[in-house]
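**Student:** Take this structure, written in structure tokens, and hold onto it; I'll ask about it next.
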């Protein structure tokens, strides 16, 4: 039973063109019988029918179906009620065009939870047989005539044996013959269930309806029981009853059997020609000629038209209670599962036009870039110590605009300090690759942090040996690996640690050191004798103006008239040149701090006598002349001891490196003394992370742009597909399909597109990266893409494609079925 209480509905509520389409309507409809909603077009009868069936919502009031209020329930609950209790017959049939007759009917059973194929077959074949459509069960719906389609629509509404049938203008698109046949069927099925018929044809309503409800402008103006025994006076245009024609002329003779029937007195002027088994008819007065044969829509009956009475209607009886398993409990169910959705999606993609298939190539490149972006972002996020370490882990740096020698010495005496370097420890030595003619002049700049090898032992050695003198050095594997990965080294045949050992590393003033071994300390350092540290740092940072023609050529003599032009940059450690210079008589080596020896050409100048002070200061102290030297190699310059050289470095720099085994404690102590101090390793890590973040920011922006373009393309592609299938979508929702079923339809399409394009691009790129050597510079520096990252990336791409692709579906699924069918041009 259906009960309608004070229901109102408006179109364009609050606007100038507001229509009160259901105006305070109250009705109570019985459990069975045919109730006709009668009225002219636009009176609100279809809108009322949609509201009763849950296809549309109302502004206020209540509608009860079998005691359940559908106006206060959510959409899912309303869908469940109408699917289990109501069957629909539509004016325009609402069949799925590419499905067979059988499948169009069977879908209604699947929606109520019947999955057994035998049960479905028995029920569908029963109703098709009763409606005379069994022989068309395998024919696609698109190949049926209007009357045949409406019979299929009735079968679909009837097959689940619902309590209520709603029929909206079921004869509106049919000829008179089919209209009568369809109405006869509808009348028969109303014997044991409620059928609500919407029609504007009073003759049909008066003859077939048990009750007539007349509407005008949204209001019920009449509501009455329709009790009569009248005959149906309904002319069937496609059936010619010969004995009912006004004029009947028999022109037959011995050779021809010809009869002429007409309802007018107009003269018929034709020539009939019979030749070669064919009949030719020529009209002389311009009347249309139409032949009637077995394929014609016209039926000729040589009799009077028989009156249609109520008794003649009740010839077919539908009793689904005797068909199939009656113990099956109906359950509102899905008609699609993920697998069927994917299969349907694949068929849809295969049927794409060439242009659409070409557009899919863009998704492949999106997949390639997604993997690149993931690897790059992974590389930026996944940072290992070897990626950023540039100095000894035991080093900290002190920064101060001006540091005195006394302060420097205090640093050396602090607890936990191993040694202090008066400049940044990172230096560059030159390694020559000149053992082959083709590599003459080829060099490699060996840049690394200098450190004392006092902390290195035999356990650290991975190739070669530890230094045996102060002119031998060892390098860490991190430094050696950099050499081996350099294209110049590879081109020069330096492919293993053994090829590095024994090579000469040269300071810029041509001081030579031999690489004796390679050690693994996880510190990217060049390890040298502690006695060489200051010398190497000095000549790499300040250098020397010593004119050694062996290495630098002859720069000419010092002009004695510019005596005050001596500079601290001319200072050189005398121990480096003891074998190249000769000390004159009464001269001493500058063993004490702030002592120098100068070239013999100055010995006769009073200002440069032994004991005199040069106008050259180191640490605020003038240098004292303690002797003269001579040289056969045209060497010039000021020679002093190592300490003075160190003081010179302290004067010249603003950054000092301390090696300590207690970094945290020493940093805290120095900060308490107001020094600007930092941990080298932490500073390197911070700067590296900042650099990576900047790189990642750029990658993320580019990735976001590409992904957004991809998502927009997916959105437009699915929207296009959705709009092309909006009639199918509206039909499925109208006959009771779940919203989730519609989502599954298009989700399957999205999954197939993503799998065939984006996933293919992602997987191909991922496998390509995996085939590269693990120590490849590109993989090591730019990429970090473990399997879990790839899997997460795939999941995210599928999720986002589904999210963006289903937006047009979601926008439409928010509407009630009647809104979907009314809003779009579904034909």
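Values in this text are rule-based calculations from the coordinates and carry no lab data. Since the structure is predicted, the reported quantities are computational estimates derived from the model, not experimental observations. Glycine gets a Cβ as well: all are built from the backbone with ideal geometry, and neighbour counts include every protein chain shown.
**Student:** Quick check on region 237-302: take the gyration tensor over C-alpha atoms, sort the square-rooted eigenvalues as a ≥ b ≥ c, and tell me if it's rounded (a/c under 1.5), prolate or oblate.
**Tutor:** Note, shape of region 237-302 comes out rounded.
**Student:** Separate question: Can you give the relative contact order of region 2-225 as a percent, counting alpha carbon pairs under 8 Å and 6+ residues apart?
**Tutor:** Computed over region 2-225, the figure is 31 percent.
**Student:** Can you give the alpha-carbon Rg of region 603-664 over 2.2 N^0.38 Å, where N counts its residues?
**Tutor:** Dividing the Cα radius of gyration by 2.2 N^0.38 Å gives 1.57.
**Student:** So in the chain, what percent of DSSP beta bridges are antiparallel if you round to the nearest 5?
**Tutor:** Beta bridges within the chain, antiparallel portion: roughly 65 percent.
**Student:** Grab the Cα-Cα distance for residue 8 and residue 671, subtract it from 0.36 nm times how many residues apart they are, and report the gain in nm with one decimal.
**Tutor:** Using 0.36 nm per residue and subtracting the Cα-Cα distance, I get 230.6 nm.
**Student:** Next up: Take the alpha carbon atoms of region 2-225, find their radius of gyration, then divide it by 2.2 N^0.38 Å using N residues; give the quotient. Present the calculation step by step, with values, prior to reporting the outcome.
**Tutor:** Values: Rg = 17.4 Å, N = 224, 2.2 N^0.38 = 17.2 Å.
That ratio works out to 1.01.
**Student:** Once all Cα-Cα distances of region 668-743 are split into 10 Å bins that start at 0, what whole-number percent is in each one?
**Tutor:** Spelled out bin by bin, region 668-743 gives 15, 19, 15, 13, 12, 10, 8, 6, 1 percent.
**Student:** When you take every Cα atom in the chain, what is the radius of gyration, and what is Dmax, the widest Cα pair distance, in Å?
**Tutor:** Taking only Cα atoms of the chain, I get Rg and Dmax of 50.4, 167 Å.
**Student:** If each residue of separation counts as 0.36 nm, what is the full-extension length gain between residue 219 and residue 279 once their alpha-carbon separation is subtracted?
**Tutor:** 15.8 nm
**Student:** Here's another thing I want to ask about it. Return the FRET efficiency for the residue pair residue 295, residue 331: r is the Cβ-Cβ distance, R0 is 51 Å, and the value is rounded to the nearest 0.05.
**Tutor:** Values: r = 46 Å, r/R0 = 0.90.
Plugging the Cβ-Cβ distance into 1/(1 + (r/R0)^6) gives 0.65.
**Student:** Region 359-411 to region 64-85: how many Å between their Cα centroids?
**Tutor:** Rounded to whole Å, the Cα centres lie 63 Å apart.
**Student:** Cα gyration tensor of region 362-428, axes a ≥ b ≥ c as square roots of the eigenvalues: rounded (a/c below 1.5), prolate (a/b > b/c) or oblate?
**Tutor:** In terms of gyration-tensor shape, prolate.
**Student:** Post the alpha-carbon centroid distance, region 1-60 to region 237-253, in whole angstrom.
**Tutor:** Distance between centres, Cα-based: 47 Å.
**Student:** How high is the relative contact order of region 182-226, in percent, counting Cα pairs under 8 Å that sit 6 or more residues apart?
**Tutor:** 26
**Student:** Here is a further query. When the helices in the chain are scored as -39500 (n - 2.57) per DSSP H run of 4 or longer and the sum is shared across all residues, what 222 nm value do you end up with, to the nearest 500 deg cm²/dmol?
**Tutor:** About -11500 deg cm²/dmol.
**Student:** Let me ask another. For the chain, what does the relative contact order come out to in percent, with C-alpha contacts under 8 Å and a separation of six or more? Walk me through the intermediate numbers first.
**Tutor:** Details: 1446 pairs, mean separation 119.1, N = 827.
Taking the mean separation of contacting Cα pairs over the length of the chain, I get 14 percent.
**Student:** Sticking with this structure for a sec: Measuring from a point 7 Å past the Cα of residue 143 along Cα-to-C-beta, which residues in region 76-115 have an amide N at less than 20 Å?
**Tutor:** Residues 94-107 fall inside that zone.
**Student:** Computed over the Cα atoms of region 471-543, what is the convex hull's projected area averaged over all directions, in nm²?
**Tutor:** 5.0
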